[in-house]
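Taking it in order: structure first as structure tokens, then the write-up.
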Amino acid sequence: MAKEYRVDLDALDQVVKELNGVLKDMNGTKGKAGSGTYLPSSALGKKYVEHEMLHKAHADMKNFIEDEIVGKIEKLVEDFGKKSKKTKEAYDDAEHDNKIH
């Protein structure tokens, strides 16, 4: 006798919905990292040796947060969401085929 496996398609669908919610929330985070951390050059003062170095360090850190942290987390969540959706669709199709045959 063949073993049977059951997949809770509602739970898998819920995972996809929640991951889409995470992505939506992350758009706000990425926006805050990008524009919410804007630092005008004049905010650090002017006409001293370290001025350019401090401004560049801020810009570098801002880019790192946007691209290397938030961007990579977004990509990971998006990839997992797409794979979860494909998996659910495959199970839906298999279930439909089993009902027909």
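Restricting attention to the range 32-44, the residues that are closer than 30 Å to G81 by Cβ, hydroxyl-bearing (S, T, Y) and either open to solvent by less than 60 Å² (accessible area, probe 1.4 Å) or in contact with a Lys or Arg (Cβ under 6 Å, 6 or more places away or on another chain) (or both) add up to 1.
When K24 is tested against (1) surrounded by fewer than 11 Cβ atoms within 10 Å (Cβ to Cβ); (2) over 13 Å from the mean Cα position of the chain (by Cα), exactly one condition is not met: (2).
Pairing each residue of the range 10-26 that is under 12 Å from K85 (Cα atoms) with any residue that is at pLDDT 85 or above and open to solvent by 60 Å² or more (accessible area, probe 1.4 Å), provided the two are 6+ apart or on different chains, yields C-beta distances under 6 Å for V16/K85. Check the range 47-55 and report whether any residue there is of a type in the set (A, V, I, L, M), at pLDDT 85 or above, in a helix (DSSP H, G or I) and over 22 Å from E95 (Cβ atoms). Looking for residues that are of a type in the set (A, V, I, L, M), at pLDDT 85 or above, in a helix (DSSP H, G or I) and over 22 Å from E95 (Cβ atoms), one finds at least one in the range 47-55, hence yes.
Checked against the criterion of being open to solvent by less than 100 Å² (accessible area, probe 1.4 Å), more than 14 Å from the chain's Cα centre (by Cα) and more than 24 Å from V22 (Cα to Cα), the range 76-88 has no qualifying residue. For the range 60-73, the count of residues that are open to solvent by 70 Å² or more (accessible area, probe 1.4 Å) and touching a residue at least 40 places away in the same chain (Cβ under 8 Å) is at least one. Being open to solvent by 60 Å² or more (accessible area, probe 1.4 Å) and modelled with pLDDT of 85 or more is a property that does not hold for M1. Considering (1) over 17 Å from the mean Cα position of the chain (by Cα); (2) open to solvent by 60 Å² or more (accessible area, probe 1.4 Å); (3) of a type in the set (S, T, N, Q), the lone condition that T29 does not fulfil carries the number (1).
The values are calculated or read from the model by the stated rules, or taken from the named source; none is laboratory data. Quick caveat: nothing in here was measured; it's all calculated off a predicted structure. All Cβ positions, glycine included, derive from the backbone under ideal geometry; neighbour counts span all protein chains shown. Heads up: the accessible areas ignore ligands, DNA and RNA and are worked out on the full protein's heavy atoms, side chains in. Shrake-Rupley method; radii C 1.70, N 1.55, O 1.52, S 1.80 Å.
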